[in-house]
Amino acid sequence: MRRCSNVRQAKQRSNASVNVLMKVVSWSLRLLLRLAVAITLLLLLRSIVLRIRRVQIRPTPYTTPPIGPESIDIHRRRIVVSDLHLGAGDRKDDFCDDETLIAFLDHYVSREPTELILAGDTFEFLQVSLPDVADDEWTPRAAARRLQAILTAHAGVIDALRRFVQQPGHQLTILIGNHDFELHYPTAKMVLREALDLAADDHRLRFGISYHGGGVYIVHGNQFDPWNRFINFAGISEPFEVVRGTQLVKEVINELEDDPFPLSPLIDNIKPSSAFFWYLMSLQRLRDPDARRFVTRGIVGFLQVTAWAPPHHLSSEPDEWLKRSPLLLFWRPIAALRRQRVARHQAIARQFGAAAEAVGNLPEVVDQVRDEARRQASREVAAFNDEVAREMAILARQPAYRTDRLFVCGHTHLARVIKLDHDRVYINTGTWTDIVFDVETMRRPTQRYPFLEIINDADGIPHGQLLVWYGPDQPPRVWVEEEPSRQRKQSRVQ
């Protein structure tokens, strides 16, 4: 009898365990079903909102034309530098090598008649915070004020540029990039002209969105990047066009750079912007509470930015047509709500960060996630750099560019030299800001200050050489490939 009773009890326990397991499975399935339904409804709502909220942009007179063959002197030496990212001198300012750049301008660039071409992102408008200018103000006044702050912070560099343009035979050409897109405004152009002691019609300083002539094609390169591609890159639009990369910098990265986490100053040097998520997930020390807070804030902010189409217009003032419309009554509360959107998103990210910081020991799966994220980030960076090179190769095959020899851009922050065919080459001029190849090892490039020198021969054929500046006491050296091996193995340009 006792034996039968034991068997019966064992069966009851087994049945109870099965019942508990079935309840857990049933609950899990119901939860997954609810999540699937919720995600489907959210995606459907997003699709409806995006269709309703279509924005039709209108070009304004604030444009900058391309620089064509008729404006290019092929007999003058040309020096190309890209992505200086001169900021306002605060924690967000990525450029800290003013003396090196001044020496370069005074001792090398100025030694003979030269055209200095600054190929985009010379000025870091997106990370200038001023007490009298809202972060979401995109007016001519805001552009002028931001540039004034930058020129004040880097007065020595501006003095060196002034000395350069005042010498006979020299010319300064500034191409517009995605971080200094506000240079389209005449107010910003005039601020720089006045700082260089040049009149409004002085041709020693000129601006362009591209440079094409004498066998050379130069562009900043952001139009090859989906996150930083403008619908109308030739000028300012109404409403003001805010691309996804700009939104990420303004709403997430600038906030993260104020975090005390040691790696925060490097967070805005990520290329491409789409690798931001993987970059955060691959950071070491995810078991550290400060790292978890920082990473979680970044990821939540990134997801909020990518959830909806970027807002095209965040101005503090209504459009002219709206000022004459009875709808003006509704504009101010709606505008206030829109401006609070960024603050709400940042507050949500901080709350998630605080919650992640309070979490106890994490399972070993965190290390696996981190390692996979590092591999994914490496793949995405390699694919991005190759995509830019491929776009240049496609461009080179078009009839309008078949006689060109040099195809040049910046934007990626990674210096490269790639032969397109037997006599044509794609050159990326890299950056002069501090970049990190590998977050885990903090490996940085040894060739910090790359620049391109172009000289035409007697037949007018341009010859370009990517060089590296090491100071006035020694000649520049030829740049050599030092792309990280993991990334290089996956890098293929067709």
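Is it true that T139 is under 29 Å from N254 (Cβ atoms), surrounded by fewer than 19 Cβ atoms within 10 Å (Cβ to Cβ) and of a type in the set (S, T, Y)? Steps first, answer last, please.
Details: under 29 Å from N254 (Cβ atoms): yes; surrounded by fewer than 19 Cβ atoms within 10 Å (Cβ to Cβ): yes; of a type in the set (S, T, Y): yes.
Yes; evaluated as a whole, the condition is true for this residue.
Which count do you get for residues in region 458-473 that are at pLDDT 90 or above, open to solvent by 70 Å² or more (accessible area, probe 1.4 Å) and not acidic (D, E)? Explain how you work it out, then say what you get.
In the first step, residues of region 458-473 are kept if they are at pLDDT 90 or above; the result is 461-473.
Within this subset, residues satisfying the condition of being open to solvent by 70 Å² or more (accessible area, probe 1.4 Å) are 463, 465, 470, 472-473.
Narrowing the set further to residues that are not acidic (D, E) leaves 463, 465, 470, 472.
Count: 4.
Here are R51, R46, R91: which of them is of a type outside the set (A, V, I, L, M, F, W, C), loosely packed, with under 11 Cβ neighbours inside 10 Å and at pLDDT below 90? Give the steps one after another, and end with the answer.
On the way: R46 fails: loosely packed, with under 11 Cβ neighbours inside 10 Å; R91 fails: loosely packed, with under 11 Cβ neighbours inside 10 Å.
Every option except R51 fails the conditions.
From (1) within 31 Å of the chain's Cα centre (by Cα); (2) modelled with pLDDT of 70 or more; (3) not in a helix (DSSP H, G or I), pick out the condition that doesn't hold for H75.
Result: H75 passes all but (1).
On the basis of being in contact with a strand residue (DSSP E or B) (Cβ under 7 Å, 6 or more places away or on another chain) and at pLDDT 90 or above, does R397 make the cut?
On the way: in contact with a strand residue (DSSP E or B) (Cβ under 7 Å, 6 or more places away or on another chain): no; at pLDDT 90 or above: yes.
Here the answer is no, as R397 does not meet what is asked.
For E391, only one of the following conditions fails: (1) modelled with pLDDT of 90 or more; (2) in a loop (DSSP other than H, G, I, E, B). What is its number?
(2)
Table: residues versus (1) buried (at least 23 other Cβ atoms within 10 Å of the Cβ); (2) farther than 23 Å from A142 by Cα; (3) in contact with a Ser or Thr (Cβ under 8 Å, 6 or more places away or on another chain).
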| position | (1), (2), (3) |
| --- | --- |
| R206 | no, no, yes |
| G215 | no, yes, yes |
| Q223 | no, yes, no |
| N232 | no, no, no |
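Which fully enclosed strands (runs of 3 or more DSSP E) of region 116-213 have 3 or more residues being within 23 Å of I455 (Cβ to Cβ) and not aromatic (F, W, Y)? I'd like the intermediate steps shown before the answer.
Values: elements: 171-175, 205-208, 211-213.
In region 116-213, the matching strands (runs of 3 or more DSSP E) lie at 171-175, 205-208.
The values are calculated or read from the model by the stated rules, or taken from the named source; none is laboratory data. These figures come from a predicted structure and were not determined experimentally. Positions of Cβ are backbone-derived with ideal geometry, glycine not excepted, and every protein chain shown enters the neighbour counts. Quick note on the areas: whole protein, heavy atoms, side chains included, nothing else; ligands and nucleic acids left out. Shrake-Rupley method; radii C 1.70, N 1.55, O 1.52, S 1.80 Å.
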